Every structure is written in C-alpha cells, then in structure tokens.
Amino acid sequence: MSRLSSFDPDNMSPEQKAVYDKIASGPRGSVRGPFAKLLVNPPVADCAQAMGATLRFGGTLPANLRELAILVTARHWTAQYEWYAHAPIALKGGVAESVLEAIKQRRRPSFTDPNEAVVYEFCNELHEKRDVGDETYNWAVENLGESGVAELIALCGFYTLISMTLNVGRVDLPDGEELPLKP
C-alpha cells in the first residue's frame, strides 16, 4: 500500500505545479517514483530534483561508475524501485550482469574494471561502516581524484534520500513486475 500522497495533476498548488513542470521538462521527462512522493513538499522536491539532475546528468563520473554507486546504495536500502529503475541503465552503461547479480545477492563481485572495484568498495564501506578507511579513501582518490570521491559521496547520500523516500512512500513497481531484491 502506497504511503505519502502522490500529487494530483489536476489539483496541484502553484508551488507543486512549478516543480512538476521543472522535472517534467528536464532530462527525466516525467514525474514518477520518488519525485511524485516528494511533491507533497515542493521546496524539498525542487532541491532533490536539482541535486539528482546534477549528479545523474551533469556529473563527471562515467555512467558505469555512477550507476554502480546508485545500485550499491539501492541494495544497501533494499530499494526495489530504485534497483528496478537503474539496473537496466547500469547494464546499458557497461556494468556487467554478473556484477549486478553479485550485488543483488549481497556478494562482492569480481571486477574486470579496476575503477568499478574502487567504486564498489568505497560505496559499500561508506554504507556499512558510515565512514571510509584511509586505504579505501586513498585508493579512490588515486583512481577517481578528489572530485570523483566528492561525487561518490554525494551519489551515496542522494540515493540514500531517494531510497528512503521510495521505501517509506512504498512506491510500487509497475504492474506485473517482480521485486528484484530479496531482503
């Protein structure tokens, strides 16, 4: 059962309409998932959509690394909708299906791309330990630079917000879709 009211397109406040139009006319092309839930608070929805657009469409990390960070976060939170939405994007971006399957099963994947290994270790450690040790931090800086590390931190934080919104709002997958993650 869904929680957090979804917006009613025919009965939006002027503030909701302004944020709705911003999201729908941007690279996402529509308002769905977490943004449909966050519209109950237009200023929060606006800040979230802006940060998300920056990270997803304007970030410096390549698609495979960005999507891997998103999916490590989705798996940490067992965010079904987030996994459902981003697993195909990750595959298209070059993340191997075997990597996604291992993450789904909460196993450490075998990586052929050393930067993917860095991203996985950094994000997984950040979620599990609420911090990153010096060895992992230095490894990430050596491979991604400080700017890339800052972007990884932001990706983990932003997609934690999104995962929480999806889970608390109980955003369902489209009809007929099976839940991709086991608890």
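At-a-glance table
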quantity: Filter pass, residue 59 being surrounded by fewer than 21 Cβ atoms within 10 Å (Cβ to Cβ), touching a residue at least 40 places away in the same chain (Cβ under 8 Å) and not in a helix (DSSP H, G or I); calculated: yes
quantity: Residue in segment 11-23 that is of a type in the set (Val, Ile, Thr) and surrounded by 22 or more Cβ atoms within 10 Å (Cβ to Cβ) present; calculated: yes
quantity: Of all residues in segment 14-45 being basic (Lys, Arg) and closer than 19 Å to residue 169 by Cβ, the one that is farthest from the chain's Cα centre (by Cα); calculated: 37
quantity: Test: residue in segment 18-37 that is hydroxyl-bearing (Ser, Thr, Tyr), assigned to a loop (DSSP other than H, G, I, E, B) and at pLDDT 95 or above; calculated: no
quantity: Any pair with Cβ under 6 angstrom, 6 or more apart, that starts in segment 27-52 at a residue that is among the basic types (Lys, Arg) and ends at one that is surrounded by fewer than 22 Cβ atoms within 10 Å (Cβ to Cβ); calculated: 37/4; 37/169
quantity: Condition met for residue 157 (under 27 Å from residue 49 (Cβ atoms) and either free of Cβ contacts under 8 Å to residues at least 12 places away in the same chain or of a type in the set (Phe, Trp, Tyr) (or both)); calculated: yes
quantity: Search result, residues across segment 141-175 that are more than 14 Å from the chain's Cα centre (by Cα) and either over 25 Å from residue 78 (Cβ atoms) or of a type in the set (Asp, Glu) (or both); calculated: 141, 142, 143, 144, 145, 146, 147, 148, 149, 150, 172, 175
quantity: Condition broken by residue 73, with the remaining ones in (1) in contact with a helix residue (DSSP H, G or I) (Cβ under 7 Å, 6 or more places away or on another chain); (2) modelled with pLDDT of 95 or more; (3) more than 30 Å from residue 113 (Cβ to Cβ) satisfied; calculated: (3)
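The values are calculated or read from the model by the stated rules, or taken from the named source; none is laboratory data. Just so you know, these numbers come straight off a predicted model, no measurement behind them. Here the Cβ is made from the backbone with ideal geometry for all residues, glycine too, and neighbour counts use every protein chain on show.
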